[in-house]
Amino acid sequence: MPNLRYIIMRLRAMSPLELLWRSVCRIRDRREIRRRVEDHRDFTVRYDIEPGQAVSFIHADRLLPDFAAGAISDVYRERFSKEQAIRLNQADDCLKHRFSIFGSEHTFAHTIDWHLDWLSGQSIPVRPRSHYDLYADRSITEVKYTWEFNRHAHFFTLALAWSLTGDTRYLNELQAQWLHWIETNPLYFGINWISALEVGFRLINWTYALALIKPAPVSKSFFSRVLHSVEQHAEFIAEHPSRFSSANNHLLGEAAALMVAGVCYPGLLNEERWRKNGFKLLFEELPAQVHSDGMTKEQSAGYQRYVLEFGLLGLRCAGITGKSVPERLPQGLRRMTDACLALQDANGRVPNIGDADDGSAFPFSSSDRPLYHDVLNSCAVRFESGQYKQSGSPEAVFWLNGSGGLQAWDALQITMPQSALTYLPDSGYAVIRQNQPFQQHMVMDAGPLGFGKLAAHGHADALSVFLNVSGQPVLVDSGTWLYLGAGQERDTFRGTAAHNTLIIDGQDQSVPLGPFQWGRRAQAGFEHVFEDDARIILNAKHNGYRKQTGTVHRSVEFDKHSTWILTDTVHGNGLHEMEAFYHMTTEPVLEDQQVICAFDGFQVEFKFECEQAFCIDIQKQPHSPSFGNRQDLPVIVVRLNAQCPFELRTEIRIKNAAQVRV
């Protein structure tokens with residue numbers, strides 16, 4: 001159960017209006033338990049439709065450009081043979097009730113348990129939605145697994161497998177799972193009706209699956225029952241929006257789902273209201289949640305993709321209906337695309353800035369592709385720019401832009417970023433890119449902690465740096481691992497010691513106050529950014545230790561060849577314990593106060609200088625390369641008891657393997 005201090009601080013993060021609104025929501029949620037949920041027969045009577053006529057209400061195929069069931073299958077077979085093989089293997093696993101979520105595999109022996117807590121292997125009891133406490137319920141270890149499974153991206157996989165092969169096993173399995181889910185997840189009851197965002201993801205994935213099986217020979221009642229549940233999903237989202245301090249990317253996802261419902265299910269009573277509210281929310285909220293330089297205000301590289309996907313879906317829905325789009329929306333999406341391009345290195349690697357749950361708004365996105373691969377390719381077509389084009393599969397381009405989009409993508413020439421320095425002043429990131437003599441990519445973080453009063457997905461990472469060389473990660477972030485399932489280790493992964501920056505007296509720059517809230521926050525920012533033909537210099541500061549030592553400064557100087565110089569300066573007075581962390585991906589070797597790390601084709605040497613005595617320690621700390629996965633990686637820790645003011649200089653030199661003396 002959350003501690004008293006957390007509850008008090010959570011209440012303090014709310015305005016009087018939000019407190020009133022949440023009180024009203026609590027009353028409404030309690031009434032939902034007693035509300036009579038319309039049964040399916042009442043639904044068919046209300047719309048005066050026979051079960052076999054429900055398909056006429058479903059226009060999910062509008063989401064797929066140039067839709068023609070046979071043509072889509074033909075193009076996919078011809079262009080995406082590798083992807084087809086993967087999809088069919090996944091569909092075969094679905095037939096066996098074998099699934100993988102965040103690398104965790106589970107096979108259901110008989111019927112699927114949609115309420116399974118994947119980490120404990122136990123079923124979460126089905127209760128009224130208002131009776132769950134995600135922070136205290138011992139039957140829930142990590143709800144993200146359950147929710148990710150119940151987004152039903154695999155419904156699209158089964159639908160695609162049937163469309164490609166005509167094998168009725170896939171179609172029958174899809175029908176059986178779909179109807180079983182509806183039967184075992186009644187409206188307002190169970191873990192899958194808690195979050196409006198999760199309901200929205202499910203609605204979007206259902207719609208893509210329906211687009212593919214609309215011409216399928218299914219039972220007469222199937223489309224009718226699914227359509228009834230679609231209406232319940234859309235109404236639930238409309239009635240339970242994420243508001244006030246919770247209005248982050250969740251609200252954008254809910255807006256996208258309302259747009260899809262309003263565009264793809266004409267004839268349902270509230271489709272116009274869903275559509276209008278969805279467009280209104282997206283057009284207002286997306287610009288409000290994104291910095292003018294294109295980064296999401298949640299300060300998360302992972303959620304950057306979510307927000308961009310929601311925006312692309314909004315443009316798609318607007319194009320279908322002929323809805324005029326405020327110019328600031330495509331302009332903002334293009335700036336977001338530029339920011340994505342800056343953050344990723346030449347091989348598509350992106351630093352783990354802030355939280356990431358590795359999810360996607362689209363059922364056709366692949367975890368085998370780099371984080372921004374699909375959205376960058378889609379934006380390359382949307383904005384007719386070869387600089388966004390990524391080598392590799394353009395599968396997402398096909399699903400979002402059709403055959404014409406594929407032709408446009410083929411015609412684009414890949415152009416690599418030319419600028420050595422990209423500066424994003426509002427979000428607080430600076431990116432240095434150098435291609436000779438090695439491909440080097442460094443990101444420095446001097447941005448805000450996170451978005452709004454909660455800063456829910458931010459990390460205490462002010463002045464941290466991330467370095468990739470020749471496509472290999474050298475200095476990395478510790479990642480996210482789990483959310484509620486991490487317990488106290490949630491703070492470990494978000495804490496300052498989990499990042500490549502300086503920690504003073506063993507304290508975090510910003511103080512976590514619960515899994516998705518912060519107390520005292522460091523204020524960070526760049527003071528000076530300089531570039532000429534010979535070098536780049538970044539100067540930044542933060543005040544997270546203002547009570548101990550005052551402002552902390554870090555300078556990064558790059559000579560545009562192979563040497564990086566980091567200078568940490570701490571002002572103030574008194575004796576303090578200082579620790580500088582460098583999280584590595586390969587085992588360092590300590591030689592005479594110098595640390596050497598060998599990589600494939602090059603070597604990285606760390607040299608440290610300080611007027612005061614220091615020691616170097618090689619530790620192991622937890623690292624999460626993706627959500628739900630963790631391992632131990634080496635960390636270089638430079639430690640000293642320093643009399644302030646003091647300065648620590650770190651020289652990082654990249655050497656070609658041929659230059660290294662044996």
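Remarks
- As a calculated quantity, the FRET efficiency between E489 and E587 at R0 = 25 Å, using C-beta atoms, amounts to about 0.60.
- When Rg and the Kirkwood radius Rh are both evaluated on Cα atoms of segment 21-78, their ratio Rg/Rh stands at 1.28.
- Equivalent ellipsoid of segment 480-528: semi-axes from √(5λ) of the C-alpha gyration tensor, largest first, are 21, 12, 11 Å.
- Distances between placed amide hydrogens fall under 5 Å for F602 paired with A657, all partners being 5 or more residues away or on another chain.
- Here, segment 338-497 has an Rg and a Dmax of 17.0, 51 Å when only alpha carbons are counted.
- Under 28 Å from the Cα of K389 - lysines, other chains or at least 8 residues apart: K82, K297, K323, K560
- Pairwise alpha-carbon distances in segment 84-127 exceed 14 Å for 54% of all pairs.
- Along each principal axis, Cα extent of segment 44-130, largest first, Å: 46, 45, 24
- Pairs of Cα atoms farther than 17 Å apart, segment 147-186, %: 30 percent
- Highest mean packing first, where packing is the average number of other Cβ atoms within 10 Å per residue, the peptides 610-621, 532-543 line up as 532-543, 610-621.
- ³J(HN,Hα) computed for each position of segment 124-136 - Karplus, 6.51 cos²θ - 1.76 cosθ + 1.60, integer Hz, glycine/proline x: 7, x, 8, 9, x, 4, 6, 9, 9, 10, 4, 7, 10
- Trypsin sites (Lys or Arg not before Pro) lying in DSSP loop within segment 55-142, provided at most 14 other Cβ fall within 10 Å: K96, R138
- Couplings for segment 492-509, taken from phi via the Karplus curve 6.51 cos²θ - 1.76 cosθ + 1.60 with θ = phi - 60°, read 4, 6, 8, x, 5, 5, 8, 10, 8, 8, 9, 10, 10, 6, x, 10, 6, 4 Hz in order; Gly and Pro are left as x.
- Taking a straight Cα-Cα cut-off under 24 Å and skipping sequence neighbours fewer than 8 places away in the same chain, the lysines within cross-link reach of K547 are K453.
- Nonpolar atom fraction for the chain, defined as the carbon and sulfur part of the 1.4 Å probe accessible area, stands at 49 percent.
- In the chain, helical runs assigned H by DSSP with n ≥ 4 each contribute -39500 (n - 2.57); averaged across all residues and rounded to the nearest 500, the mean residue ellipticity at 222 nm is -12000 deg cm²/dmol.
- Relative counts (whole %) of C-alpha pair distances in segment 362-445, using bins that are 5 Å wide: 3, 14, 20, 18, 18, 14, 11, 3, 0
- Computed on the chain, the Cα convex hull volume stands at 159 Å³ per residue.
- Using a probe of 1.4 angstrom and keeping all protein chains present, the accessible surface of segment 220-332 works out to 29 square angstrom per residue.
- When the convex hull of its Cα atoms is viewed from all sides, segment 580-653 shows a mean projected area of 6.0 nm².
- Ordering of 295-306, 498-509, 174-185 by packing is 295-306, 498-509, 174-185, highest average first (other Cβ atoms within 10 Å, averaged per residue).
- Reachable aspartates and glutamates, given that their alpha-carbon falls under 16 Å from the alpha-carbon of K620 and they are not under 8 places away in the same chain: D477, E489, E579, E587, D632
- For segment 222-315, the Rg and Dmax computed from alpha carbons only, in angstrom: 14.0, 47
- Relative contact order, whole percent, for segment 209-292 stands at 24, derived from Cα pairs under 8 Å and 6 or more residues apart.
- Rg/Rg_ref, segment 411-451, where Rg_ref = 2.2 N^0.38 Å and atoms are Cα: 1.48
- What segment 337-379 shows is 25 Å² of accessible area per residue, with the surface traced by a 1.4 Å probe over protein heavy atoms.
- Each principal axis of segment 176-223 carries a Cα extent, and these read 33, 20, 12 Å when sorted largest first.
- In segment 272-342, Cα pairs under 8 Å separated by at least six residues give a relative contact order of 42 percent.
- Amide H contacts under 5 Å for S123, placed H, 5+ residues apart: D117
- Alpha-carbon Rg/Rh ratio, for segment 424-508, with Rh computed the Kirkwood way: 1.02
- Quotient of C-alpha Rg and 2.2 N^0.38 Å, computed over segment 508-662: 1.16
The values are calculated or read from the model by the stated rules, or taken from the named source; none is laboratory data. The shown structure was predicted, so the numbers you read here are calculated from the model rather than taken from an experiment. Glycine also receives a Cβ, built like all others from the backbone with ideal geometry; neighbour counts cover every protein chain displayed. Just the protein is used for accessible areas: all its heavy atoms, side chains included, with ligands, DNA and RNA removed. Shrake-Rupley method; radii C 1.70, N 1.55, O 1.52, S 1.80 Å.
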